[in-house]
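> Before anything else, here's the structure in question.
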Amino acid sequence: MNTPGWFAALLQVIINGLLVGGVYALSAAGLNLVFGVLKVANIAHGDFMMLGAMTAYAVSLKLGLSPYAAMLVAAIVLAGIGALTQRFLVERVIHSPMFVSLLLLFAVSMILRNGALHVWGPTYVSLSHDSSVWTVGPLSFTKLRVAVFALGLGLTLALLWLLQKTAFGQSLRATAQHMDLAEACGINVRRVRMQAFALGTAIAAMSGALLVMLFSVNPSMGEIFVLKCFAIVVVGGLGSFSGAFAGAMIIGVAETLTSYYAATQLSDVTVFLLFLIVLVFRPSGVLGGKAT
Amino acid sequence: MVKISRSLRLLSLVFVLALALGTLAGCSGKASRKTILVGASLSLSGNLARNGLDQQRGYELWRDAVNAAGGIMGKQVELKVYDDSSDPQTAAKLYEKLITDDKVDLLIGPYGSNVTMAASTVAEKYKMAMITPGASSKEIWERGYKYTFQMLTPARYQLHQALQLAKDKGYTTVAIVSADSAFPKDLANGAEQSAKDLGLNVVFKEEYPEKATDLSSLVMKLKRANPDVLIAGSYLPDSVLLTRQMKEAKFAPKMIQFGPNGPALPDFAKSLGNDANNLLGVSQWEPSASFPGSADFVKSFTAKYPGEMPSYSVAGAYAAGQLLQMAIEKAGSLKQDAITQALYSMDVTTIFGRFKVDETGAQVAHAAVLIQVQNGQKKVVYPANAAETAPVLPFPGWSK
Amino acid sequence: MKNSKFLRLAPWVVALVALLVVPFTASGYITALFLSLLMYVTLAYGWNIISGYTGYVSFGQVAFFGVGGYTCAILAKGGVHWLVGSLVGGLVAGLLAILLGLVMLRLKGAYFAVGMLGLTQLFVALAGALKRVTNGSTGIFLPPSLTLVPVYLTMLGLALAAIIGTIFLHRSAFGLRLMAIREDEEAAESLGIHTTVYKIIAFSISAVIVAIAGGVMTWYVSFIDPQSAFPASLNLTMVIMAVFGGPGTVWGPLVGATSLGLIAELLWARYPGLYLVIYGIILLLIILYIPRGVVPSLGDFLRRRGEPVRKRRSGAVA
């Protein structure tokens, strides 16, 4: 009741930042997984998100599915595309220097983005948006963004559980830590890598499908998100899931704080400055410690 | 050292290739052609591909219409279009190619002010007239060029009517936001100037990154500034984002006015549904326009692209072709100097509206209109002589 | 002996003369095409020094392209000749690279690559935000240059300088030390090479070359804004061209830049709707089948065919 205006504003800005962070957390999780296990910087990540978004949109429109059901369809389709990409392309350069896989995925990105442009055209699309809001005292929460946040958090927890508690997770971690040793221990590292990449693109597709509800997107959307995803993953610590979630929150809040208290235009400066500072002075990410 | 001799051979191979390309390119001649070749580069990939595509459709519809009617001076028209990906340097190279390699007879402009800037320099160099349906930044016409002709209402005047309307309604305070690239910023600066000229009070002005993924803080600041009128110079994705986040924050000023890349585009209402209602936009042209030939143009568009309505970009591109044809027929030849002279002296009406330029080639006669989405339908609401219906003002609030 | 040396140089002289007459005889399009090829060549050589020779694979050298472009634009706006502006742009970028190198070159492998990608984004954001310096998103408009000739000749000179510099680098002790860093930085350090100093010098030289090219191209386009100053496509194009030709070789960047540049040119003229897809597929095939680059792979191929290895004076062997 007696919350001073400035304090309510600060709280609202931070909440908005955390909710944006939820979007980022989801977007960056797939990138992080692929980097953690394969040591591959997937520069086509944004384009896999785009494919997820466009697939979800098309499925939702053609089959009349709800956006969330369409999200699952997109995840399955993209898991398949991801598995194929890994099996027939990335796997062949997995032992080459890191920049080779990066260039390879850049070529994949070119093909996906411009192929999609050819198929769907440059029209912007968006799925029905629920902009209803919960109000708590002077604060407000957009329901859809809260849902996205919850999904981001849930996914992070699920991934952590998967990694720590399941046999699949164990083989993922082993492959991430030492490919050759993992292979010597009888792990089929090729299959593990394929599963990891497929899981990564499936998560990318899910985030894309959610973005199509929040934003208006077209086949060029990948370039908007991919670099921010890199920033998040780096701030959180490459390959660490709890770190990436923290990174997403930090980036989200840093953006909204900068926009509110300084200038909106400076938000990108803050993001990439933060990215470089963390990269140089704390390469293991803000949470530090062990990766994956 | 074996390496060197080998690479030498490689090098010479590359050179032979390059030179072969050069000679090949020089082969096709203008003299042997029986058609009129019209060339343009457009942004067909990348961020602005949507607008590029519209322009391409406009050019193609014009070509089909002209050819069906017997061509220009008895010759059929052929179109040569390249993709410049909105990159000025690529566009410059492409216009060099169109002029010196494809040897086009006529040029028409690309999409976007930055790209037009580079392309017009090439046109100027070869003294070829270029009508530009996709550029409205004032800097292009401040360089003393003689061969570049503007069709659109200059960016800095586009929102003038909106502020006039605000004043008519008795609103006094204005907030202006824009994406941080050349065109939206031009819009915003023009709006600020108009507001001052009309005696309105600009209480807030800020830019945001063109590819912003969150504008919640900006909306909070807007809410705090509490203006009567919000003016937004934006592109389509950020128009949609801004609208959604304004609704989420329950920010509802008395009037919400976008530039040409908001409610005026078909994708906007498609993305937003009911949330697009009662928002205002600027349009250089609307399908409801009653200029000679507009109705037939809309008919031919909907016949070719069922389920879609032409945007102003399509109509503008089509009209650019019309203008070329009028200029040629007036000049009685395909000589560039004659065409240029004709364009300077013309005061004509195309399907897009009036065309008349000043001595710099800048547009002085074309009038934009204000549109508003009313119950999901785009309606012209201002100025009175073009209006289909009265504007719904003040903004009645967001839909449930 | 003199004679054979002459014979060896003859093709080069012919090529150079041919390149020199292009802007005077060929059409505007061919000149513009060659200008862009020369720019690709220059950028690929610039990248090659820090990434090909030293092994620090940068995905952000385009940051210096923009620094050069902005310096040139700002100076030219103030009445300075564009050529001077471009050279000063090179100097500014070189000094900036020394400062940035102190920080960035502490990163290794993927971290450096990704870090440079982020650095470029920071530069884009800064160019938009520092309105007093860059005129923000409105950009800087320069008086248009209606003739291509001076720009073309400057770029030709720059490309030649980059090539000749690389020839010398390849044979020099300095170049050897860079390659030692690439092969094993710790071992190089333990041999007494001041790796940090050498890395920073290589980074700085690379930045100078790229930045001058940026200045020249800015004058050519006569316009600069944050989007056109740091073109994302160019950033990766220069890497791909150098890698296609063969990174860390003398002739790789030349072969890669000219051939891929020409392929791209042929494609977009013929398949305007799909050329980026086709280009992507070509890149994919190159990376999968000739990952070491054309020059080394062709070398191996010829050697396997049993081409007689001619004897050369020692010392000329790198």
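The values are calculated or read from the model by the stated rules, or taken from the named source; none is laboratory data. The shown structure was predicted, so the numbers you read here are calculated from the model rather than taken from an experiment. Cβ placement follows ideal geometry from the backbone for every residue including glycine, while neighbour counts extend to all protein chains displayed. The accessibility values were calculated without ligands, DNA or RNA, using every heavy atom of the protein model including side chains. Shrake-Rupley method; radii C 1.70, N 1.55, O 1.52, S 1.80 Å.
> With the requirement that a residue be crowded, with 24+ Cβ neighbours inside 10 Å and among the basic types (Lys, Arg), what does region B:208-239 give you?
Matches in region B:208-239: none.
> So, one more: Looking at this structure, is residue A:101 within 11 Å of chain C (Cβ to nearest Cβ), of a type in the set (Ser, Thr, Tyr) and either crowded, with 23+ Cβ neighbours inside 10 Å or under 24 Å from residue B:49 (Cβ atoms) (or both)? Show your work before the answer.
On the way: within 11 Å of chain C (Cβ to nearest Cβ): yes; of a type in the set (Ser, Thr, Tyr): yes; either crowded, with 23+ Cβ neighbours inside 10 Å or under 24 Å from residue B:49 (Cβ atoms) (or both): yes.
Against the criterion (within 11 Å of chain C (Cβ to nearest Cβ), of a type in the set (Ser, Thr, Tyr) and either crowded, with 23+ Cβ neighbours inside 10 Å or under 24 Å from residue B:49 (Cβ atoms) (or both)), residue A:101 qualifies.
> Then there is this: Is there any pair with a first residue in region C:128-149 that is within 16 Å of residue B:183 (Cα to Cα) and more than 8 Å from every other protein chain (Cβ to nearest Cβ) and a second that is open to solvent by 30 Å² or more (accessible area, probe 1.4 Å) and part of a helix (DSSP H, G or I) whose Cβ atoms are under 8 Å apart and which are 6 or more apart or on different chains, and what are they?
The qualifying pairs are C:140/C:74; C:140/C:77.
> I've got another one for you. More than 14 Å from chain B (Cβ to nearest Cβ), closer than 26 Å to residue A:91 by Cα and either of a type outside the set (Phe, Trp, Tyr) or in a helix (DSSP H, G or I) (or both): does that describe residue A:227? Quick ask: steps written out before the conclusion?
Working: more than 14 Å from chain B (Cβ to nearest Cβ): no; closer than 26 Å to residue A:91 by Cα: yes; either of a type outside the set (Phe, Trp, Tyr) or in a helix (DSSP H, G or I) (or both): yes.
Considered against the rule, which asks whether it is more than 14 Å from chain B (Cβ to nearest Cβ), closer than 26 Å to residue A:91 by Cα and either of a type outside the set (Phe, Trp, Tyr) or in a helix (DSSP H, G or I) (or both), residue A:227 comes out as no.
> Another question, then. Of the numbered conditions (1) surrounded by fewer than 21 Cβ atoms within 10 Å (Cβ to Cβ); (2) over 17 Å from the mean Cα position of the chain (by Cα); (3) over 22 Å from residue B:397 (Cβ atoms); (4) not small (Gly, Ala, Ser), residue B:266 satisfies every one except a single condition; which is it?
All conditions are met except number (2).
> Which ranges mark the strands (runs of 3 or more DSSP E) fully within region B:315-400 that have 2 or more residues being open to solvent by less than 20 Å² (accessible area, probe 1.4 Å)? Can you show your working first?
On the way: elements: B:348-350, B:353-355, B:369-374, B:377-382.
Result: B:353-355, B:369-374, B:377-382.
> If a residue has to be within 16 Å of residue C:123 (Cα to Cα) and more than 7 Å from every other protein chain (Cβ to nearest Cβ) to count, how many in region A:250-270 make the cut?
Within region A:250-270, residues that are within 16 Å of residue C:123 (Cα to Cα) and more than 7 Å from every other protein chain (Cβ to nearest Cβ) number 1.
> Could you tell me whether any residue of region A:233-245 is crowded, with 24+ Cβ neighbours inside 10 Å, within 14 Å of chain B (Cβ to nearest Cβ) and either in a helix (DSSP H, G or I) or modelled with pLDDT under 90 (or both)?
The answer is no; no qualifying residue exists.
> Moving to a separate point now. As an exercise: evaluate residue A:142 against (1) touching a residue at least 40 places away in the same chain (Cβ under 8 Å); (2) farther than 12 Å from residue A:33 by Cβ; (3) surrounded by fewer than 22 Cβ atoms within 10 Å (Cβ to Cβ) and give the number of the one condition it does not meet.
(3)
> Looking at B:215, B:198, which one is at pLDDT 95 or above and of a type outside the set (Asp, Glu)?
Numbers: B:215 fails: at pLDDT 95 or above.
Result: B:198 is the single residue among B:215, B:198 that is at pLDDT 95 or above and of a type outside the set (Asp, Glu).
> What about residue C:213, is it under 21 Å from residue C:124 (Cβ atoms), part of a helix (DSSP H, G or I) and at pLDDT 95 or above? Steps first, answer last, please.
Values: under 21 Å from residue C:124 (Cβ atoms): yes; part of a helix (DSSP H, G or I): yes; at pLDDT 95 or above: yes.
Considered against the rule, which asks whether it is under 21 Å from residue C:124 (Cβ atoms), part of a helix (DSSP H, G or I) and at pLDDT 95 or above, residue C:213 comes out as yes.
> Still on this model: What are the residues in region B:48-86 that are free of Cβ contacts under 8 Å to residues at least 40 places away in the same chain and either assigned to a loop (DSSP other than H, G, I, E, B) or open to solvent by 20 Å² or more (accessible area, probe 1.4 Å) (or both), if any? Talk me through it step by step, then tell me what you get.
From region B:48-86, those free of Cβ contacts under 8 Å to residues at least 40 places away in the same chain are B:49, B:53, B:60, B:67-71, B:74; that's our starting set.
Result: B:53, B:60, B:67, B:68, B:69, B:70, B:71, B:74.
> Here's something else I'd like to know. Given the structure, is residue A:73 surrounded by fewer than 22 Cβ atoms within 10 Å (Cβ to Cβ), more than 8 Å from every other protein chain (Cβ to nearest Cβ), modelled with pLDDT under 95 and assigned to a helix (DSSP H, G or I)? Working first, answer last.
On the way: surrounded by fewer than 22 Cβ atoms within 10 Å (Cβ to Cβ): yes; more than 8 Å from every other protein chain (Cβ to nearest Cβ): yes; modelled with pLDDT under 95: no; assigned to a helix (DSSP H, G or I): yes.
Considered against the rule, which asks whether it is surrounded by fewer than 22 Cβ atoms within 10 Å (Cβ to Cβ), more than 8 Å from every other protein chain (Cβ to nearest Cβ), modelled with pLDDT under 95 and assigned to a helix (DSSP H, G or I), residue A:73 comes out as no.
> Ok, one more. Working carefully through the options B:317, B:303, B:295, B:276, find the one that is in the same structural domain as residue B:347 (by TED's automatic domain parsing) and touching a strand residue (DSSP E or B) at 6+ places or on another chain (Cβ under 8 Å).
Values: B:303 fails: touching a strand residue (DSSP E or B) at 6+ places or on another chain (Cβ under 8 Å); B:295 fails: touching a strand residue (DSSP E or B) at 6+ places or on another chain (Cβ under 8 Å); B:276 fails: in the same structural domain as residue B:347 (by TED's automatic domain parsing).
Criteria check complete, one pass: B:317.
> While we're on this one: From the set of residues in region C:93-149 that are among the β-branched types (Val, Ile, Thr) and over 25 Å from the mean Cα position of the chain (by Cα), which is least open to solvent (accessible area, probe 1.4 Å)? Lay out the reasoning, then the answer.
The first filter runs over region C:93-149 and keeps only residues among the β-branched types (Val, Ile, Thr), leaving C:98, C:103, C:114, C:120, C:124, C:133-134, C:138, C:140, C:147, C:149.
Right, trim to over 25 Å from the mean Cα position of the chain (by Cα) and you get C:133, C:138.
Working: C:133: 85, C:138: 23 Å².
Checked region C:93-149; the qualifying residue least open to solvent (accessible area, probe 1.4 Å) is C:138.
> Now a separate question. Could you grab me the full set of residues in region B:148-173 that are open to solvent by 20 Å² or more (accessible area, probe 1.4 Å) and in a strand (DSSP E or B)?
The one that is open to solvent by 20 Å² or more (accessible area, probe 1.4 Å) and in a strand (DSSP E or B): B:173.
> I would also like to ask the following. Given (1) within 14 Å of chain C (Cβ to nearest Cβ); (2) part of a helix (DSSP H, G or I), identify the lone condition not met by residue B:145.
(2)
> Could you please find all residues in region C:162-202 being open to solvent by 80 Å² or more (accessible area, probe 1.4 Å), outside any helix (DSSP H, G or I) and among the hydrophobic types (A, V, I, L, M, F, W, C)?
Across region C:162-202, the qualifying residue is only C:191.
> What number of residues in region A:255-286 are of a type in the set (Gly, Ala, Ser) and open to solvent by 20 Å² or more (accessible area, probe 1.4 Å)? Spell out how you get there, then give the answer.
Quick first cut of region A:255-286, residues of a type in the set (Gly, Ala, Ser) only: A:259, A:262-263, A:267, A:284-285.
This time we only want the ones that are open to solvent by 20 Å² or more (accessible area, probe 1.4 Å), so: A:262-263, A:284.
The number of residues fulfilling the criteria is 3.
> How many residues are of a type in the set (Asp, Glu) and at the interface with chain A (Cβ under 7 Å from one of its Cβ atoms) when one looks only at region B:207-221?
2
> Also, I was wondering about something else. Since residue C:229 meets every condition but one in (1) out of contact with any Leu (no Cβ under 8 Å at 6 or more places or on another chain); (2) more than 10 Å from chain B (Cβ to nearest Cβ); (3) open to solvent by 10 Å² or more (accessible area, probe 1.4 Å), which condition does it not meet?
The single condition residue C:229 does not satisfy is (3).
> Pull up region C:270-297, narrow it to residues that are free of Cβ contacts under 8 Å to residues at least 24 places away in the same chain and more than 7 Å from every other protein chain (Cβ to nearest Cβ), then point me to the one that is least open to solvent (accessible area, probe 1.4 Å).
Within region C:270-297, the match that is least open to solvent (accessible area, probe 1.4 Å) is C:275.
> Something else now. Can you tell me which residues in region B:286-314 are surrounded by 14 or more Cβ atoms within 10 Å (Cβ to Cβ), closer than 16 Å to residue B:267 by Cα and of a type in the set (Phe, Trp, Tyr)?
Residue satisfying the conditions is B:312 alone.
> Regarding residue A:58, is this residue more than 7 Å from every other protein chain (Cβ to nearest Cβ), in contact with a Leu (Cβ under 9 Å, 6 or more places away or on another chain) and open to solvent by less than 60 Å² (accessible area, probe 1.4 Å)?
On the way: more than 7 Å from every other protein chain (Cβ to nearest Cβ): yes; in contact with a Leu (Cβ under 9 Å, 6 or more places away or on another chain): no; open to solvent by less than 60 Å² (accessible area, probe 1.4 Å): yes.
The answer is no for residue A:58.
> Please tell me if residue C:251 is within 8 Å of another protein chain (Cβ to nearest Cβ), modelled with pLDDT of 80 or more, in contact with a Ser or Thr (Cβ under 9 Å, 6 or more places away or on another chain) and surrounded by 20 or more Cβ atoms within 10 Å (Cβ to Cβ).
Values: within 8 Å of another protein chain (Cβ to nearest Cβ): yes; modelled with pLDDT of 80 or more: yes; in contact with a Ser or Thr (Cβ under 9 Å, 6 or more places away or on another chain): yes; surrounded by 20 or more Cβ atoms within 10 Å (Cβ to Cβ): yes.
Considered against the rule, which asks whether it is within 8 Å of another protein chain (Cβ to nearest Cβ), modelled with pLDDT of 80 or more, in contact with a Ser or Thr (Cβ under 9 Å, 6 or more places away or on another chain) and surrounded by 20 or more Cβ atoms within 10 Å (Cβ to Cβ), residue C:251 comes out as yes.
> Next question, about the same structure. Scanning for something assigned to a helix (DSSP H, G or I), among the hydroxyl-bearing types (Ser, Thr, Tyr) and over 21 Å from the mean Cα position of the chain (by Cα), does region A:263-278 turn up at least one residue? Steps first, please.
Narrowing region A:263-278 to residues assigned to a helix (DSSP H, G or I): A:264-278.
From what's left, among the hydroxyl-bearing types (Ser, Thr, Tyr): A:264, A:267, A:270.
Checking which are over 21 Å from the mean Cα position of the chain (by Cα) leaves us with A:264.
Scanning region A:263-278 turns up at least one residue that is assigned to a helix (DSSP H, G or I), among the hydroxyl-bearing types (Ser, Thr, Tyr) and over 21 Å from the mean Cα position of the chain (by Cα).
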